[in-house]
1. Only one of (1) farther than 17 Å from residue 277 by Cα; (2) buried (at least 19 other Cβ atoms within 10 Å of the Cβ); (3) in contact with a Gly (Cβ under 9 Å, 6 or more places away or on another chain) fails for residue 184. Which number is that?
2. Within region 356-409, which residues are without any contact (Cβ under 8 Å) to a residue 40 or more places away in the chain and either closer than 20 Å to residue 338 by Cα or out of contact with any Pro (no Cβ under 6 Å at 6 or more places or on another chain) (or both)?
3. Need pairs with beta-carbon distance below 7 Å; first residue surrounded by fewer than 17 Cβ atoms within 10 Å (Cβ to Cβ) and within region 472-490, second at pLDDT 95 or above; sequence gap 6+ or separate chains.
4. Within region 547-570, can one find any residue that is buried (at least 21 other Cβ atoms within 10 Å of the Cβ), under 30 Å from the mean Cα position of the chain (by Cα) and of a type in the set (Ser, Thr, Tyr)?
5. Restricting attention to region 245-283, and to residues there that are of a type in the set (Phe, Trp, Tyr) and more than 31 Å from the chain's Cα centre (by Cα), which single residue is farthest from residue 69 (Cα to Cα)?
6. Just give me the residues in region 713-726 being out of contact with any helix residue (DSSP H, G or I) (no Cβ under 6 Å at 6 or more places or on another chain) and either surrounded by fewer than 16 Cβ atoms within 10 Å (Cβ to Cβ) or among the aromatic types (Phe, Trp, Tyr) (or both), in sequence order.
7. Sort out which residues of region 803-818 are in contact (Cβ under 8 Å) with a residue 60 or more places away in the chain and under 26 Å from the mean Cα position of the chain (by Cα), and write them in order of number.
8. For residue 961, all conditions in the list (1) crowded, with 21+ Cβ neighbours inside 10 Å; (2) assigned to a helix (DSSP H, G or I); (3) touching a helix residue (DSSP H, G or I) at 6+ places or on another chain (Cβ under 9 Å); (4) not small (Gly, Ala, Ser) hold save one; what is the number of the exception?
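The values are calculated or read from the model by the stated rules, or taken from the named source; none is laboratory data. As the structure is a prediction and not an experimental result, all values here were calculated from the model. Cβ placement follows ideal geometry from the backbone for every residue including glycine, while neighbour counts extend to all protein chains displayed.
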Amino acid sequence: MTIRLPPRLIIASLAALSLICGEGIALARSSPARPAKAALAAQPASVQPQRPWLYENSDVPIDGAWLFGTLPNGLRYAIRRNGVPPGQISIRLRIDAGSLHEREDESGYAHFIEHLTFRGSRFVPDGESKRIWQRLGVSFGSDSNAQTTPTATTYALDLPDASSESVEESIKILAGMISDPNIVPAAVEAERAVVLAEMREGQGAASRVGDASRALFFAGQPLGSHAPIGTAQSLEAASAASLRAFHDRWYRPENAVIAISGDTDPKAVEALIERHFAGWKPQGAPVSAPGFGTPDPQAPASAVVVQAGAPPSLTLVWLRPWAPKADTIDYNQRKLADSVAIQMINRRLEGAARRAGSAFLQAGIDVDDVSRSANGTFVSIVPSARGWEQALREVRAIIEDAKASVPGEAEIEREYRAFETNLAVDVENQSVEASATQAGNIVAAVDIRETTVTAQAALDIYRGARAIMTPAAMLDATRRMFGGDAMRAMLVLPQMEAGAQARLDAALQAPVVASSDVRLTGKPVTMADLPALPPPGTVVSRVPVGVLGMELITFSNGTRLTLFANSGEGGKVHMNVRFGHGLLDLSPTRTQPTWAAGYVLGANGIGTLGQRELDELTNARRLGFDFGIDDDAFEMSALTRQADYRDQLRLFAAKLHAPGWDAGPVERVKAGLIAAYDGAAATPGGVLGHRLGWLLRKKDARYRTPDKAEIAALTPEHFRAFWEPILASGPVEVQIFGDVKPNEAIAAVAETFGALPPRAQRPIERAARKVRFPAHNSKPLVLLHEGNADQAAAMIAWPTGAGLANAREGRQLDILAQIITDRLFERLRAAEGVAYSPNAQADWPLAFDKGRGYILAMSQLKPGSTDYFFTLVREIAADLAARPVSDDELQRVLAPTRQLLARASTGNAYWMNQMEGAAYDRRYVEAMIALPNDMLRITPERLRQLAAKYLVDRKSYSVVVLPRVK
């Protein structure tokens, strides 16, 4: 059983683990059933054992919403009814075979088989899989996908609008895919190019650091040398016969688990599993799973890795052998106590990182079972400009302090309550847990050899662990987690430093003096400590929007509230506060420190309260602060809950009324951006990420990424001078969508945003009201990257339009972009293997009534393929302008779009997004109402007209990113 940690406490260490292991941290949680929309015809089911297979050797409470069973051939399944989203079935099929099951000459085979399985099988002709799923409303890549990790290969299908016929057809196809994929020479040769393209596009500083990390940390174990993507040598040598041998060895029913959650009758689905999977017969005798080894104490303990483009970093690891354990309540409670002990240290590290003069920008600790190969404690450190040696000393000193003396009861209680609130929120939200999450939780639990429990059971087990979280027990846990059979340390540098290896070894052996000033102290902080707001405002109008019971409320100070009170997501409250005019408030010609705002405005305090005080204030609450800049507004947003949303309003209003201006967050974000800056130049995608938005807006300063000199030059005083007038001016639009009582929510806004003094109105510059598109270039603009010589990227774009007046055309261009994406996929990936993920996209900026949007196509490729890309895209554009698409091609795009809209519209986030700006402009309401028809009633002839109007070659603008010649 695993329970997720409070999100704000999961910091750098988890990112490091993902890099090292190539797999995410699994969740193993579940929630009660929801009523089904429709049921399939029930048929006889297998008899379940008294204690389901997932709960063998465990005493945790069984989640009775699941129907468990095992077929005679050994295949295990778990099925449950769930109506979130309505009408959908989510299927996860896990094979207990990943890259660690490969022999030395089979590197990459598990992932190669994943590709071939989706390419064609018993019931799917070669290359038709994507089209078949699209006709069923499935979006390729999001609704249908697969993942290969070191320990497993998992196939995922989210089937929208699931009828009895489509569910049976899907289960039949999946059964054929898994038991009898089309592993023949022609398919292998075609898919080899695709896999190699995926390998090429994934190579870079991050992948090389990940490979080096595995090689050091897991030296002598299979995990140290087996990345799921494989090696070019092994993939080039793979044949249909060798791949078939791998498939038959591991793709066996006893190695398979199917988890299905959705809006249907579990008994009926069980009958379909029996019908289509019971005949799966394994090939040959079973093979025992390989051993994954144990950490080698004699292997090298440290390494220095030099990787251009990678920011400096340090990772310390304490390794212990992994062994399966009975997933009992006692075992889980001790793990939970360990987590609380670690989170106390993480909070101390974060507090130290915020200090002026800290030698590290970020540090975090995590304890995890890694790919059934080791249990490890991972410490990740990002040094500041003071250097990695001082950063290592400071972090080791904080850890040493935690090992030297017991924590205080107040510290334990703080972390206990933060974790408890996280679990309590899960209980509140259990009725709206998505089917995809539930099915994924089952296969994640199988992967880590644990169980799932309901949200309430997880909370009860956690609360039962409080008694063992004594100061002495926390100290013992800390000492145990910083011990083990082997210790490793890796230093990553962007360029070699003199004597780095010897200096690292010396720093690791140096005596450690425990810190004496990192334990968090200070008086309790309450909402009463926030700056006082003026007296509440009054409501001057309250009118219905005319859609789904939404209301528009205007207050005496001019603040407007869009309120959608509903219980569709029980307990959840989505909040968005829009103020000012966003990009329209900014100059298109002057550089501005907008790039720092996302972090700094959430961290630089409110009034006299700094980050530490605000952390204390919001601890064990569901309160947040996300800042963004939209075309027509600046936004503060949070997902909160019924019990906390009033205080969330209070925090946001205080931020506008009395913002704090701590200098520390400005200096911290500058240091972090400068440290990571060169990494963007190491890949074609990074270069485009830095430059493309600016180029496609004709070098509009609002879309420009600052250079390092500009980042370094920003001062706290300059940041304040720019942002203080923005926070104090412009219209305010509050959006509250979720489980609230209307009158209470209106009163809460009256006491907060309605209480603010009337705000000054900043005039919008005439030049800021327009976005432009660059002039046509007959030859692509050439940009250079500093990475691999076999990586390149190409992009071509055409100008379109902007504004609400013709939003319909902008939405129809989204459909045209999807058609282009499909054709690029068919040619560049499926047929020729030139690229792994070509795509097209359209942008129609609604807030700019003057100017240009664009439609673009882009892909990563080999340098020698960029000319072919441009030729192919122009060929596709000309064909779309000359001939209507077929009905089948159009429906293969519209069916997934229809289902995407249907699913999205069951959640508050969709409606909130569509209603942004509607409090001040009724046209947004009309555009929201028209959206489904705008997109779904398009005809082949209309698409042809749009292509002829916009995909005009003499208006195009193109960019190519090539490797710098070295």
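1. Status for residue 184: all satisfied but (2).
2. Going residue by residue through region 356-409, those that are without any contact (Cβ under 8 Å) to a residue 40 or more places away in the chain are 357-360, 386-387, 390.
Once the filter is applied, which keeps residues that are without any contact (Cβ under 8 Å) to a residue 40 or more places away in the chain and either closer than 20 Å to residue 338 by Cα or out of contact with any Pro (no Cβ under 6 Å at 6 or more places or on another chain) (or both), region 356-409 yields 357, 358, 359, 386, 387, 390.
3. Listed pairs, sorted by first residue: 472/406; 479/403; 483/318; 485/295; 485/297; 485/319; 485/320; 485/321.
4. yes
5. To start, the set of residues in region 245-283 that are of a type in the set (Phe, Trp, Tyr) comprises 246, 250-251, 277, 280.
Checking the rest, the ones that are also more than 31 Å from the chain's Cα centre (by Cα) come to 246, 277, 280.
Working: 246: 27, 277: 13, 280: 16 Å.
Ranking the qualifying residues of region 245-283, first place goes to 246.
6. Step one: list which residues in region 713-726 are out of contact with any helix residue (DSSP H, G or I) (no Cβ under 6 Å at 6 or more places or on another chain), which gives 713, 715, 717-718, 720-721, 723-726.
If the condition is that a residue be out of contact with any helix residue (DSSP H, G or I) (no Cβ under 6 Å at 6 or more places or on another chain) and either surrounded by fewer than 16 Cβ atoms within 10 Å (Cβ to Cβ) or among the aromatic types (Phe, Trp, Tyr) (or both), then 713, 715, 717, 718, 721, 723, 724, 725 are the ones that fit.
7. Correct list: 811, 814, 815, 818.
8. So residue 961 meets the others, but not (2).
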